[in-house]
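I have placed the structure first, in the form of structure tokens, so that the comments after it can refer back to it.
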Amino acid sequence: MSGAPSVLYDAPGPKAKVRNLVYSVVFLALLAAVAWFVFVALDDKGQFTSAMWSPFVQGDTWTVYLLPGLGTTLLAAVLAIVIALPVGAVFGIARLSDHVWIRVPAGVLVELFRAIPVLMLMLFANFFYDWYTDIDSDVRPLFAVVTGLVLYNGSVLAEVFRAGIESLPKGQSEAAYALGLRKTQTMLTILLPQAVTVMLPAIVSQLVVVVKDTALGSTILSFSDLLSNYRILPANYGNTIPTLVVIGLIYVVVNWVVTRLAAMLERRLSRRGRSTARPTAAASTTAVPVADMPTV
Amino acid sequence: MDFLSNYDLLGAFWTTVQLTFWSAIGALVWGIVLAGMRVSPVWLMRAFATAYVNIVRNTPLTLIVVASSLGLYQALGVSLTTDKTTAALAITNFRLAVLAFVLYTGTFVAEAVRSGINTVPVGQAEAARALGLGFFQTLTLIVLPQALRSVVAPLASVLIALTKNTTVASAIGVAEAAVLMKTMLENEGQAGTLVFAVFAIGFVILTLPVGLLLGWLSKKVAVKR
């Protein structure tokens, strides 16, 4: 992207260079003005005093609050994705079934759970476990958060799996049938393994969505994840803004690592080139569901 | 079923609709500005937009909403209303929530618009430059009108996701659907499943027509190539 000049503008000549410099300076001034405004406002409230930030160089702020919180966040995210993957695979395959009585209910369920906000799924799961089961109230928020995430991401992943299977060339299943494999065998031994390879980057980047969505539980379900520290630490030190900044940075770093992982996987898979899904066909068929995926 | 009339269901969903409406307009504008910056010839603007998108997109929306209330309003004292009556807090929280949704959703709009810009054939921009149009003219007169027509479907998914995301405003006490659902689950325990069904149907009603309408629109306005 950088280096090669964009098609939208020519390589700058002497006049354009001056103009771009002027724009840069004006934009910098604008950014500086906003930064100055924020700085003054923060400084007025004494947000830059060492008392506000020193808790973050003390060991027990991390060992007692932030790291256990991060652990809970990651535990919920990993549990959710590990359970949602098989659920998504089952529903994705069910939507491709030859039987109407399997295909239609699976489709309705997938569309329904994609339309309901995750927060409401979590609220209902929390209510359900409270009312109908005797799960201990200490772990109930975790159960509720994971259930909400599984219901939502299971249905999103179902669409990912479906798109992945549909992106495979028709010859794959035809060859399998010609060899005498049954429908189930074809799906499990021929189509699904290839679809997973095609969709692996999409599945990993869904993990970013899951990590972000675990934070939903902390405000309304008193789930003690990483974000929930925004109430605990300021109660001790009165440092709301520093705490929010540090928590935000941790989320950004975790998600950045996951995103890099997805990019690495994508590069490895494209280099390996063993997948039979033609890249163009896969790209054009997956373009819709991946864009359709509410990664927001 | 009678207990449903004891609650202001329509009012709660109306707040959800209002949150979605104002946030969608703001996010569309902010997203297009960000996308424009990302493809601009000015290095600093590109760097800012790239950094902004990558940081905000990887931050949980809940954190941004909470930060807008606790950080911007309570710690910094930035009030978004001049109202002095008892409704001031509700107005402030509503506007803070909209601000948070705009800042967050704008990044997804920007990514969608940028991918739309990539679908416009190179010849279009080249022809525009050959006619002597500058960057801003090329972008706003030639490229963006075509790009926006090709991203109606992705933008529709962003809008639907935004509609669902407005429930996060419950974190700072905006009286929208999720807050009412929580209250109703607490008060009407024996009918909790019914309560959930009502809210689920409510969101299906909110999102399904929008999805169908924009899906139809995306086919209608798509640039035939």
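Provide the packing ranking of A:86-99, B:83-96, i.e. peptides ordered by the mean count of other C-beta atoms within 10 Å per residue, highest first.
Details: A:86-99: 17.5, B:83-96: 15.2.
The packing order, highest mean first, is A:86-99, B:83-96.
Starting at the first residue of the stretch B:75-86, write each ³J(HN,Hα) from the Karplus equation 6.51 cos²θ - 1.76 cosθ + 1.60 with θ = phi - 60°, in whole Hz, x for Gly and Pro.
With coefficients 6.51, -1.76 and 1.60, one gets 7, 9, x, 7, 9, 9, 9, 9, 4, 10, 7, 5 Hz.
Given springs between every Cα pair under 10 Å in a Gaussian network model of chain B, which of B:168, B:195, B:151 has the largest fluctuation?
B:195
Listed here are the pairs B:164/B:220; A:45/B:84; A:212/B:182; A:183/B:219; B:182/B:219; which of them are more than 32 Å apart at the Cα? Could the numbers behind the result be given before it?
Values: B:164/B:220 26 Å; A:45/B:84 23 Å; A:212/B:182 21 Å; A:183/B:219 35 Å; B:182/B:219 39 Å.
Flagged as over cut-off: A:183/B:219; B:182/B:219.
Take the alpha carbon gyration tensor of chain A, find the square roots of its eigenvalues, order them as a ≥ b ≥ c, and report rounded if a/c is under 1.5; if not, report prolate when a/b exceeds b/c, else oblate.
Oblate, because a/c is 1.5 or more while a/b does not exceed b/c.
Relative contact order of the stretch B:1-113: what whole-number percent is it, with Cα pairs under 8 angstrom and at least 6 residues apart?
45
Do you know the relative contact order of chain A, to the nearest whole percent, from alpha carbon pairs under 8 angstrom that are 6+ apart?
23
Which residue, A:101, A:53, A:36, has the most motion in a Gaussian network model of chain A that connects Cα atoms within less than 10 Å?
Among A:101, A:53, A:36, the largest GNM mean-square fluctuation belongs to A:36.
I'd like the orientation of helix B:177-187 relative to chain B: the angle between its Cα long axis and the longest Cα principal axis, in ° from 0 to 90, rounded to 10.
Taking the Cα atoms of chain B, the angle to B:177-187 is about 20 degrees.
Take every Cα pair under 8 Å in the stretch B:2-221 that's 6+ residues apart, average their separations, divide by the length, and report that relative contact order as a whole percent.
After rounding, I find 28 percent.
Using helices alone, I'd like the mean residue ellipticity at 222 nm for chain B: each DSSP H run of four-plus residues gives -39500 (n - 2.57), total over residue count, nearest 500.
Helix contribution divided over all residues of chain B: -23000 deg cm²/dmol.
Residue by residue, what Karplus-based ³J(HN,Hα) values in Hz, rounded to whole numbers, does the stretch B:51-65 have, using 6.51, -1.76 and 1.60 with θ = phi - 60° and x for Gly and Pro?
4, 4, 4, 5, 6, 5, 5, 8, 9, x, 4, 4, 4, 5, 5
At 27 angstrom or more along the helix axis (alpha-carbon based) and mean Kyte-Doolittle of -0.5 or higher, what helices does chain A contain? Whole DSSP H runs only.
Result, helices passing both filters: A:14-44, A:67-95, A:140-166, A:192-214, A:240-272.
Provide the net charge surrounding residue B:72, with neighbours chosen by a C-beta distance below 15 Å and charges set as Lys +1, Arg +1, Asp -1, Glu -1. Intermediate results must be reported in sequence, preceding the final value.
Numbers: positive: A:45, B:95; negative: A:44.
With Lys, Arg at +1 and Asp, Glu at -1, the neighbours total +1.
Read-outs: derived from the displayed coordinates by stated rules, not from any lab. Since this is a predicted model, take the numbers as computed values, not measurements. FYI the Cβ positions are ideal-geometry reconstructions off the backbone, even for glycines, and counts take in every protein chain you see.
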